[in-house]
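One structure below.
The values are calculated or read from the model by the stated rules, or taken from the named source; none is laboratory data. Only a predicted model underlies this, so the values are computations on that prediction, with no experimental measurement involved. All Cβ positions, glycine included, derive from the backbone under ideal geometry; neighbour counts span all protein chains shown. Heavy atoms of the whole protein, side chains included, go into the accessibility calculation; ligands, DNA and RNA do not. Shrake-Rupley method; radii C 1.70, N 1.55, O 1.52, S 1.80 Å.
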Amino acid sequence: MKGKLYVIGTGPGSDDLISGRALKAIEESSVIAGYGVYTDLIAHKIEGKEIITTPMKQEVARCEKALEVAKSGKIVSLISSGDAGVYGMAGLIYEIAGNDDIDIEVIPGISAVLAAAARLGAPLTHDFAVISLSDLLTPWEKIEKRLKNAAEAEFIIAIYNPSSKKRADYLRKACEIMKPYISDDTICGYVRNCERDEEEIGTLTFKELFDFQADMFTLIIIGNSTTKLINKKMVTPRGYKGI
């Protein structure tokens, strides 16, 4: 029997934001592979299945094992939170598989940036950029350049991984880089633990963002000059009313 490998985005954390296609693939699979935090989030949906987990920084080993099991003839679901193609495992799987004759199907999920935007209102209605402040895989010099260019071009900017214990000052550093291009009163928003227990949602100004205490479970959205608060919701007009 020929195996198959599904690469699945399970969304931001809420059961009803996992797509029907993803749920069908998970049900079809006999083996589930993923980072332990993410398999725990869907533990009630994968009972009785073989589970393969590896800790952070062992993503290559996790993908190699998932491919190995699929090649043996089993159906495997490799899961990422959000969307597997947005800071997830989809690209790595294709890199490792190369030209191997293995059936791989990527199933999209709701990215954290889209889930957070919906909780805040409608901040991404115009052009936007997504930037991670984690320099584990990307040199800080490149991150600096991306922040500067995105701010100068007046993109709405979504920030992943804004801070951690080892990177406690990175959000402030990012704000300093963007400061010449973003006014102090620009509306920003944050969502912590989006669509999960203990979710926190709020808005603040860019000036206040300098001292905001974020963590790895916080997603931040920095508006542009047109972003406003409407009935306490963060909205960036597309411009339709001016047509």
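The table that follows gives values for the structure above.
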read-out: Heavy-atom accessible surface of the chain: percent carbon and sulfur, 1.4 Å; value: 50 percent
read-out: Per-residue SASA entry for Asp40, accessible area with 1.4 Å probe, Å² rounded to 10; value: 110 Å²
read-out: Residue-level accessible surface for Arg192, protein heavy atoms, 1.4 Å, Å²; value: 30 Å²
read-out: 1.4 Å probe accessible area per residue over the chain, in Å²; value: 53 Å²
read-out: Area accessible to solvent at Asp127, 1.4 Å probe radius, in Å²; value: 90 Å²
read-out: Cα gyration tensor shape for the stretch 69-163, rounded if a/c is under 1.5, else prolate or oblate; value: prolate
read-out: Peptides ranked, highest mean first, by Cβ atoms within 10 Å: ranges 223-236, 66-79, 157-170; value: 66-79, 157-170, 223-236
read-out: For the stretch 1-19 and the stretch 191-243, distance of Cα centres in Å; value: 28 Å
read-out: Residue-averaged 222 nm ellipticity for the chain, from DSSP H runs of 4+ at -39500 (n - 2.57), nearest 500; value: -8000 deg cm²/dmol
read-out: Karplus-derived HN-Hα couplings along the stretch 199-216 (A = 6.51, B = -1.76, C = 1.60, θ = phi - 60°), whole Hz, x at Gly and Pro; value: 4, 10, 10, x, 10, 7, 8, 4, 4, 6, 5, 3, 9, 6, 8, 9, 9, 5
read-out: Most to least accessible of Leu23, Leu133 (protein chains only, probe 1.4 Å); value: Leu23, Leu133
